[in-house]
Amino acid sequence: MQKSTKVSARQGAPVSLDDIEAAPITLPQADRPDHVLISEMVAPGARVLDVGCGDGQLLRLLISKKGVDGRGIELSQSGVNNSVAHGLSVIQGDADTDLDNYPDGAFDYVILSQTLQATRRPKKVMENLLRIGRHAIVSVPNFGHWRLRYHLVLFGRMPVTPTLPESWYETQNIHLCTIRDFVDLCDEIGAKMERAEALDPSGQPVRVNAPWWFWNLFGAQAIFLLKRA
Amino acid sequence: MAPVALSETKHEARRQADTPESRTVRFGPEAPLKLDCGLDLQPFQIAYKTYGALNADKSNAILVCHALTGDQHVANENPVTKKPGWWQTMVGPGLPIDTDKYFVICSNVLGGCMGTTGPSSLNSAKNRPWGLDFPVVTIKDMVRAQAMLVDHLGISQLFAVIGGSMGGMQVLEWAASFPEKVFAAVPIACAAKHSAQNIAFNEVGRQAVMADPDWRKGSYLETGTFPGSGLAVARMQAHITYLSEAALQRKFGRELQDRESRTFTFDADFQVESYLRYQGSSFVERFDPNSYLYITRAMDYYDLAADHGGVLANAFTGTKTRFCVMSFTSDWLFPTSDARDIVHALNAAAANVSFVEIESDKGHDAFLLDEPEFFATMRGFLGGCARARGLKDA
């Protein structure tokens, strides 16, 4: 599943002034801060399914740091082949259709990292995550971030930012939402929120105990640990 | 086509059917093989080759299952054809199935003609070749026979079972019938059931063999004839299904063979005709026509879901085996949709499964060829499994 991440922004998308301002100072090969945060939410040795696992970066982190029994689903064939060649258990598949094949409670955690916005039926995908996993960990780019609002309001153009690096005509993202929208969806499908974190554009947690409106304005992305209610 | 004369190669092939140039295990009346058709087969023998060394706790054994017309000579010169083993690029020291690390076993299938009991073997009760008296066998019967061999070698759990095409069907059957004996399973370019189209192709091949007047209702080995023309036609037809349109076009196009213009005869004017005739005649040299009937029948009968209440996932309930399913984009004999059916069933059983579709224009045959991504996947998957199994490098 094609994702919108800072990594791909650094690897060739046009760089705007915003990117330069917001570019995180990270060492090469360093684990992505959002991945580190996700791994903190996972219990050691758990059974984990990473939906839209890309080249398996997060799975590798979870296996090495948490000793999980990790699996993945990935849409892009190159991502799958690369993951399997590295010894990861990954299948080529589509989150929209293939999650239906998994039985209830097959995993301790089902992770959907920066992928929900690229699915055709986000609600159905979310319901599947909560059905298949005892917990679901979902991270979403926040379309309510002030920088995006500023772009849209001031210039009347679809924003291009580190978290959403592709132009509107190239992006795989078809169902973008804000943090508040996502929280509403969780309520609607009866997901219980166990933990929520907002990350700033550099991927660092917004370490303030702020109300939702604050996160919705200043979080570039958010990570939620959910549970069936 | 002219009748095929019995050559030196053909005589060698006949000799290998009963006294193969590889190890054999013979099971006597005390260990009959219970067949799906209801009969007990005894005595019978299995011919096999091994490569590499079995480690002290017998945890590094890989069973390689061969395809329809393959044999146990996976990684050494074939004693009949004098050609390299059929997977010599995959199995060997330092190769993806690394014989420096793993102990590789490959046996000739039940019903085959390279030393495992089949229709061309001697039926000791009647002191003549089995011919059509040989019971119809299934993929499950083949796997039962292999399991007896593996038990005989004192191996309680195989590190991996690997195979393509009909070999892949055996891999699935192993994982379903003996889940505790299979740590990892790699079914390649195969399906959990033979499709109507594939049964249709096989039927054309069988009819070609049986229409040959020299077939003599299957008793040609006694009458001293040989239905080579029919078997060659069967092979020519099957060979087309192993390739892809793109590969045929690239390799041959409409090029003429050793001539400037059309001859206005039915000679092999086109290169593709000449190629198929060569494939047919060289196959006839090494393979037994009755074996071809039996083994294609075994593939036709294969339907793993039907053996488990019609639900494929039931075949894998509670499995701990790690699976790596692979398919090739241009394979129209066992298309990726067949592989996906297997993967969906494994997911429904919450199995540990990887699935890779390899981009190739070489058709079904791609699993026998040097496809870098395929090799990298095999190496990576086995490496990951070896770490999970705690296998040390030898």
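From the P(r) of the protein assembly as shown, could you give the percentage of C-alpha pairs in the tail past 32 Å?
54 percent
Here B:Lys82 is the anchor, and the aspartates and glutamates within straight C-alpha reach of less than 20 Å, apart from those fewer than 8 places off in the same chain, are B:Glu8, B:Glu12, B:Asp18, B:Glu21, B:Asp71, B:Glu285, B:Asp288. In chain B, the calculated helix contribution to ellipticity at 222 nm averages -11000 deg cm²/dmol per residue, counting -39,500 (n - 2.57) for every DSSP H run with n ≥ 4. Summary of the geometry: the stretch B:199-227 and the stretch B:323-394, compared by the centres of their Cα atoms, lie 35 Å apart.
A DSSP coil position with no more than 15 other Cβ atoms inside 10 Å describes the following trypsin sites (Lys or Arg not before Pro) in the stretch A:39-120: A:Arg120. For chain B, the percent of C-alpha pairs falling in each 20 Å distance bin, counted from 0 to the bin holding the largest distance, reads 28, 59, 12, 0. Residues of the stretch B:37-63 falling in the label zone of B:Gln157, defined by backbone nitrogen less than 12 Å from a point 7 Å along Cα to beta-carbon, are B:58-61. Taken over the alpha carbons of the stretch B:124-276 as equal point scatterers, the Debye sum produces base-10 log I(q)/I(0) values at 0.11, 0.21 Å⁻¹ of -0.70, -1.24. Per residue, chain A reaches -8500 deg cm²/dmol at 222 nm when only DSSP H runs of four or more residues are counted, each adding -39500 (n - 2.57).
Rounded, prolate or oblate: pick one for the stretch A:168-229, where a ≥ b ≥ c are the square roots of the eigenvalues of its C-alpha gyration tensor, a/c under 1.5 means rounded, and failing that, prolate if a/b is larger than b/c, else oblate.
It comes out oblate by the Cα gyration axes.
Of the GluC sites (Glu not before Pro) found in the stretch A:157-229, the ones in coil according to DSSP and having at most 13 other Cβ atoms within 10 Å of their Cβ are A:Glu170.
Under 16 Å of direct C-alpha separation, and excluding same-chain neighbours fewer than eight residues apart, B:Lys251 reaches these lysines: B:Lys362. Give me the lysines in straight-line cross-link reach of A:Lys65: C-alpha distance below 24 Å, same-chain residues under 8 apart excluded. Leaving aside lysines fewer than 8 places away in the same chain, those within reach of A:Lys65 are A:Lys3, A:Lys6, A:Lys227, B:Lys320, B:Lys392.
For the stretch A:31-228, the alpha-carbon coordinates run over 47, 34, 30 Å along the three principal axes, in decreasing order. With coordinates expressed along the principal axes, the C-alpha atoms belonging to the stretch B:199-296 extend over 45, 27, 21 Å, beginning with the largest.
Give the residues of the stretch B:345-377 whose amide nitrogen is closer than 16 Å to a point set 7 Å from the Cα of B:Trp332 in the direction of its Cβ. B:360-366, by backbone N distance to the label point. Take A:Arg147: with every protein chain present and a 1.4 Å probe, its accessible area is about 30 Å².
Longer than 21 Å from Cα to Cα, which of B:Lys10/B:Lys34; B:Lys140/B:Lys181; B:Lys126/B:Lys217 are they? Say none if no pair is.
Details: B:Lys10/B:Lys34 32 Å; B:Lys140/B:Lys181 15 Å; B:Lys126/B:Lys217 17 Å.
Beyond 21 Å: B:Lys10/B:Lys34.
For B:Thr223 and B:Lys58, calculate 0.36 nm times their separation in residues minus their Cα-Cα distance, and state this gained length in nm to one decimal.
54.7 nm
Could you tell me which helices of chain B pass both thresholds, a Cα extent of 24 Å or more along their own axis and a mean Kyte-Doolittle hydropathy of at least 0.0, with helices taken as whole DSSP H runs? Flagged H segments are B:372-389. Summarised in one figure, the compactness ratio Rg/Rh of the stretch A:114-229, Cα atoms and Kirkwood Rh, is 0.97. Considering only beta bridges that DSSP places wholly inside chain B, some 35 percent are antiparallel. Here the stretch B:199-296 is assigned +1 on the Cβ of each Lys and Arg and -1 on the Cβ of each Asp and Glu. Its dipole about the Cα centre then comes out at about 180 debye. Each pair of Cα atoms in the stretch B:56-183 enters the Kirkwood radius, and Stokes-Einstein at 10 °C and 1.306 mPa s then converts it into a translational diffusion coefficient of 103 µm²/s.
The values are calculated or read from the model by the stated rules, or taken from the named source; none is laboratory data. None of these values were measured; they are calculated from a predicted model. For neighbour counting, all protein chains shown are included, and Cβ atoms are generated from backbone atoms with ideal geometry for every residue, glycine included. With ligands, DNA and RNA removed, areas are computed over all heavy atoms of the protein, side chains included. Shrake-Rupley method; radii C 1.70, N 1.55, O 1.52, S 1.80 Å.
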